[in-house]
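The values are calculated or read from the model by the stated rules, or taken from the named source; none is laboratory data. Every value quoted in this text rests on a predicted model; they were computed, and no experiment measured them. For neighbour counting, all protein chains shown are included, and Cβ atoms are generated from backbone atoms with ideal geometry for every residue, glycine included.
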Amino acid sequence: MNNFEGKLVLVTGGAKGIGKIIAREFAVQGAHILLNFFHSLEAAKQTKAELEQMGAQVDLLRASVAKKIQLERMFQEIKDTYGYLDVLVNNAADGALFPTNDIAEEHLDRAFNSMLKGSLWCSQLAAPLMEKRGGGAIVNMSSIGSPMVIANYLACGPIKASVEALTRYLAVEFAPLNIRVNTASGGLIDSPVIEHFPRTQELQQVVKDATPLGRLGQPEDLARVVSFLASDQSRWVTGQVILADGGLSLGSVLLAPPSQTVREIPVQAQKTQPAEVTADQAITATTSSHKTVPLSLSDQPETRENFKAATERTSIAAQEYVNVNSAPGSHSEQPDTDDDDIVVVGMGVTVAGANNPEEFWRVMVDGPELFSKAANNRWDNSLFYSADPAAEDKTYQDAFAFITNLSSRSALEQDTQQSNDELTTLWLRHALQQALENVKTQENDTYSFVIGYTADGNQHLDEASVIAGATYRLGEQLKQLPGSSAEKQSLFEEIKATLEQRYRHGMTEVTRFLPHNVGYNAMHGILPADTELQIVDTACSSSLYAMDIGIKGLLMGKQDIAVCGGAFALTPRNSILFAKLHGLSVGGQGRSLDKNSDGVLFADGAGVVVLKKKKKALEDGDHIFAVLKALGSSSDGKGKAIYAPNSAGQALAIERAINQPQTHVENIDWIVAHATGTTAGDLAEFTTLRETIIPDHPIYVTSNKSLIGHTGWAAGVISLIEVILGLEKELIPPQYKFTAPPDSFQIETTQLRIPTTAVPWPAQADRVRAATVSSFGFGGTNAHLVVEEYREEAHASRKA
C-alpha cells in the first residue's frame, strides 16, 4: 500500500530509535524521506543505507531542532532543493529522566527547547512549503506521560502536555491552508531502550498485567499511528491526540482486575535491527505510566542511580569501556559508575619561557616574543637552513620556540647514568614532579602513566641513529681495507670520536632513546615500579588520546591514579619535513586564526596532569582543579592527504563531546582551538566550530600556538592546563598577534569571538563555567575535550 507515493516526508530525530522506525514506515509506503538528525551522524548514515537498500529515496538534513537558526537553514535547503513538503513528523526530543529533586533548570530548558519550541518552529517553517502543495499533515510525538503521572518524568511530561496543546492551536491556525495537525502518543514500547529503565523486568510485567491486551507495544505500532494520521485516511481528523497504549490508560486493573486466564496476545511485528539507545529516545518513545498500578518505582532510592549507570554514564564514552578486557584480580571487571566525574588533581608544565604553571600563565597574559633561531647547544642551524624553499634537505624557516634555562629538581635527583639524559625525558620528569607535588596518595594505589610521544621529536635519537649507522657501515668497510687490525681499530676510534663530537647528543646506546625507554626513564624513581606505562602516538592529538586511555583505566577500576600528558622537542629533521610539506610559516610569525596566517611554527613543550575519579579525590583530600566532563574522538581515515584537515571528522569528535547528556553548550565560554596557523587548517577548524557549536551567547576562541608555538604531541595537555589556569585566574587570555579573522571564517554570522584583550571570566552563582580543547593530528586523529570548573555545591554527589 503506497499511501505516500510521490510524497515528501520530513522526520526529525529520524536517525535511530522510534524516529528510524517511523521513517521506515513511510518509506515502505512509497515516501521520499528527509531524515533530520543532529547528534547521530553515523546512525543517520546507517539508516539511510538501510532504507535505500529497501528501494526508498532518502536525504539527510543536519540541524538541531532546539536552534531556530539551524532550522531556518534546514528549511531553506528544503525550499531550494525541493520547493515543497507534504508531511512533517516532529519526533526529535531531549530531556532527563530524573527524580524531582534532581531536576535542574537546564533539564527543563533542554526539554522545552527541543520538544515544544522545536515542534513549533518546524511547523511554522513547514507550513509555507505545504501550502504550495495544497495542504499537508503535521504529526507531533507525545507519550502517556503527558496526561498521567510517571516516576522520574517531571522534566518531560508537562512539556509533552504542552506539545499536545500546541497541536490544538496549530490545527486551528493551519486549517485555512488545508494542513492537519495531530499528535501520536505512545505507552511503553518493547525496544532496546526499555533495558535502560530501573528494574526492567518488573516494569514490563507491571505494564503487561495492567494492559487489557496483555503485551507491550511495538515500535511499529506507534509508527503506524503516525502514518495513519499523516495519510488521507484521517483527512477529517485534526487537532487530536491518538493514544496507542494497549488500553493501559483505561486503568482496568484497578477497578476490574483481570482473571488468571488472561494471556498475552501475540503480535506479529516486523523485525527490525537493534537501534542505538540514548536517553533522548527513552524519553521520546518508551516511557510508560506505571502509576496506574500498585507498583511505583518513584519511591525506590536506587532508581536514579540505576538509570544514571545505564544512560548518563556515557561521560567520556564509558559505555564503550564495558567491553575493555579486565584481568582477573583487577579492581573490577565492569566500570564503576557510582561517580560520574573524572577530575584533575595535579598539573605540571614546561614550555618556552615558562618552567611551571604560574610562569606559563604570565606568558599567556603578557605575551612576550619567544621565537628565536636555534642555539648551538641544540644544532648548527646553518647546516639545515636555506631561504630557498626548493633547496634539498633544507628548511626555509629558522624561527623556533625553545625551552631554555630549565630549573628542575628532578634532574638533580637522577643517577649518574641519567645525568646526561635527553631533553624530553628531563622535561617529563620536571612536569611529573610538579604535578604530583600536592597529590594525596595511598599505599595501595595503582597508577598508569600514559604519554603522547614520538620518536620524531627526539634529537638524541636522531643523532644516536646517525652514529650507530655510520659506525656500523664504517666497520664493514674497514674489514675490506688492507692493514693490521690495530691500525683499523685506531682509524675506527678516530672517526667515531669525530662523529660523537659532531653528534654529541647521540653518545649513548640508541635503544635508550626509543619512546618506551623515554617514558620509563621519565617516571623512574617518581612513580611506582609497577605503574602501567603506555606511549601514544596520534601526532598532535596524542596527549588528549593519552588522557582518554588514562580515563578508561580509572573508570574500569584498573588504576586509582592516571598520570597523562605529552612531550615534544624541536629537531632539524622535523623542521625540514614540514618545510617540504609547505606547512611552516614563511614570515616567521605564528598567527593562528588571523587573516595574515601563513603557517605553523613548532616549539618545545611538555605537560602532565594527574587524574582521579572524583569520589577518590574527595576521600583523599585532594585539591580539585577541574572536572573533565567528556572527551570525543574520531579518525578521518583515508582523505586527500595525511596532513589535510577534514571538517567532517573534526565535527564528529566535537559532537561526540558536546552532545553527551552531561555536557551543556550553554555553559561553554571558551574554546582553546588547535588552530596551528595554517590557512587551510584554521579555516577547516573554524568552519567546523561555526557549524557544530551554535550557542546563544558569545564563546571566545583562542589558540596558544601564536605565542608559545605548536608543542606537537604535548599540545592538548598544555591547552588543558591553560584552561585550568583560566578558571583559577578568572580570565581568558587574548589571542596573541591577532589583527582580524579571514573573511572565509564568516565570523559575523556566529556567536564566536576572537579576543584581542584579556576577557574577565568570573565565577557565577547560577552556572558552572566550562571550556573545550581541540587537538587534531595527522591523518585526522581528532580529539575534543570538555572541561568544567569544580564547585563543591555544583558537583556534590547525587547519592542520598
Determine, yes or no, whether A763 is assigned to a loop (DSSP other than H, G, I, E, B) and either in contact (Cβ under 8 Å) with a residue 40 or more places away in the chain or assigned by TED's automatic domain parsing to the domain that holds G681 (or both). yes
Failed item, numbered, when T511 is tested on (1) among the β-branched types (V, I, T); (2) assigned to a helix (DSSP H, G or I); (3) closer than 30 Å to A562 by Cβ; (4) modelled with pLDDT of 85 or more: (4)
I'm told D86 meets every condition in (1) modelled with pLDDT of 90 or more; (2) in contact with a Gly (Cβ under 8 Å, 6 or more places away or on another chain); (3) within 22 Å of S40 (Cβ to Cβ) except one. Can you identify the failing condition by its number? (3)
With respect to I694, determine if the residue is at pLDDT 95 or above, surrounded by fewer than 24 Cβ atoms within 10 Å (Cβ to Cβ) and at negative phi. no
Quick one: would you say A104 is without any contact (Cβ under 8 Å) to a residue 12 or more places away in the chain and among the small types (G, A, S)? yes
Does any residue in the range 207-218 that is under 9 Å from G247 (Cβ atoms) come within less than 7 Å, Cβ to Cβ, of a residue that is of a type outside the set (A, V, I, L, M, F, W, C) and in a helix (DSSP H, G or I) six or more places away or on a different chain, and which pairs are these? P212/S252
Residues of the range 740-763 that turn out to be more than 14 Å from E691 (Cα to Cα) and either surrounded by 12 or more Cβ atoms within 10 Å (Cβ to Cβ) or acidic (D, E) (or both), as a count: 11
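Kindly indicate whether N596 is more than 24 Å from T454 (Cβ to Cβ), among the polar types (S, T, N, Q) and at pLDDT 90 or above. Break it down stepwise before answering.
Numbers: more than 24 Å from T454 (Cβ to Cβ): yes; among the polar types (S, T, N, Q): yes; at pLDDT 90 or above: yes.
Considered against the rule, which asks whether it is more than 24 Å from T454 (Cβ to Cβ), among the polar types (S, T, N, Q) and at pLDDT 90 or above, N596 comes out as yes.
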Criterion first (crowded, with 18+ Cβ neighbours inside 10 Å, part of a helix (DSSP H, G or I) and not aromatic (F, W, Y)) does E493 satisfy it? no
So which of T261, T292, T272 is touching a Pro at 6+ places or on another chain (Cβ under 8 Å), modelled with pLDDT under 75, assigned by TED's automatic domain parsing to the domain that holds S162 and not in a helix (DSSP H, G or I)? T272
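Residues that are more than 21 Å from the chain's Cα centre (by Cα) and surrounded by fewer than 22 Cβ atoms within 10 Å (Cβ to Cβ): does the range 533-541 have at least one? Can you show your working first?
First, pick out the residues of the range 533-541 that are more than 21 Å from the chain's Cα centre (by Cα): 533-535.
Subsequent filtering for residues that are surrounded by fewer than 22 Cβ atoms within 10 Å (Cβ to Cβ) retains 533-534.
Scanning the range 533-541 turns up at least one residue that is more than 21 Å from the chain's Cα centre (by Cα) and surrounded by fewer than 22 Cβ atoms within 10 Å (Cβ to Cβ).
Could you grab me the full set of residues in the range 356-383 that are in a loop (DSSP other than H, G, I, E, B) and either at pLDDT 90 or above or more than 17 Å from R504 (Cα to Cα) (or both)? Even if it seems obvious, please write down each step before you answer.
Let us first name the residues in the range 356-383 that are in a loop (DSSP other than H, G, I, E, B), namely 356, 367-370, 373-380.
Answer for the range 356-383, where residues must be in a loop (DSSP other than H, G, I, E, B) and either at pLDDT 90 or above or more than 17 Å from R504 (Cα to Cα) (or both): N356, G367, P368, E369, L370, K373.
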I'm told I551 meets every condition in (1) outside any helix (DSSP H, G or I); (2) assigned by TED's automatic domain parsing to the domain that holds L618 except one. Can you identify the failing condition by its number? (1)
Which condition number in (1) touching a helix residue (DSSP H, G or I) at 6+ places or on another chain (Cβ under 7 Å); (2) charged (D, E, K, R); (3) surrounded by fewer than 19 Cβ atoms within 10 Å (Cβ to Cβ) is the one that E25 fails? (3)
Out of A93, A43, report the one residue that is under 25 Å from the mean Cα position of the chain (by Cα), outside any helix (DSSP H, G or I) and either touching a residue at least 60 places away in the same chain (Cβ under 8 Å) or not assigned by TED's automatic domain parsing to the domain that holds N140 (or both). A93
In the range 116-226, which helices (runs of 4 or more DSSP H) lie fully inside it and hold 3 or more residues that are of a type in the set (S, T, Y)? 157-174
Testing T81 on (1) out of contact with any helix residue (DSSP H, G or I) (no Cβ under 8 Å at 6 or more places or on another chain); (2) under 27 Å from T749 (Cα atoms); (3) modelled with pLDDT under 90, one condition comes back false. Which one is that? (3)
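Take A66 and tell me if it is part of a helix (DSSP H, G or I), in the same structural domain as N178 (by TED's automatic domain parsing) and farther than 18 Å from G136 by Cα.
No: the conditions fail for A66.
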Within the range 488-513, tally of residues that are of a type in the set (D, E) and under 14 Å from S465 (Cα atoms): 2
Check D245, D209, D232 and return the single one that is acidic (D, E), touching a Pro at 6+ places or on another chain (Cβ under 8 Å) and either surrounded by fewer than 22 Cβ atoms within 10 Å (Cβ to Cβ) or within 22 Å of N91 (Cβ to Cβ) (or both). D209
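Filter the range 369-404 down to residues that are without any contact (Cβ under 8 Å) to a residue 40 or more places away in the chain and either among the small types (G, A, S) or closer than 21 Å to I721 by Cβ (or both) and give me whichever is surrounded by the most Cβ atoms within 10 Å (Cβ to Cβ). Give the steps one after another, and end with the answer.
First, the residues of the range 369-404 that are without any contact (Cβ under 8 Å) to a residue 40 or more places away in the chain: 369, 372-373, 375-377, 380, 382, 385-388, 390-392.
Still in the running and either among the small types (G, A, S) or closer than 21 Å to I721 by Cβ (or both): 372, 375, 382, 386-387, 390-391.
On the way: S372: 13, A375: 12, S382: 10, S386: 16, A387: 9, A390: 8, A391: 14.
Residue satisfying both the conditions and the ranking: S386.
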Of the numbered conditions (1) in the same structural domain as G452 (by TED's automatic domain parsing); (2) part of a helix (DSSP H, G or I); (3) without any contact (Cβ under 8 Å) to a residue 60 or more places away in the chain; (4) of a type outside the set (S, T, Y), A529 fails exactly one; give the number of that condition. (2)
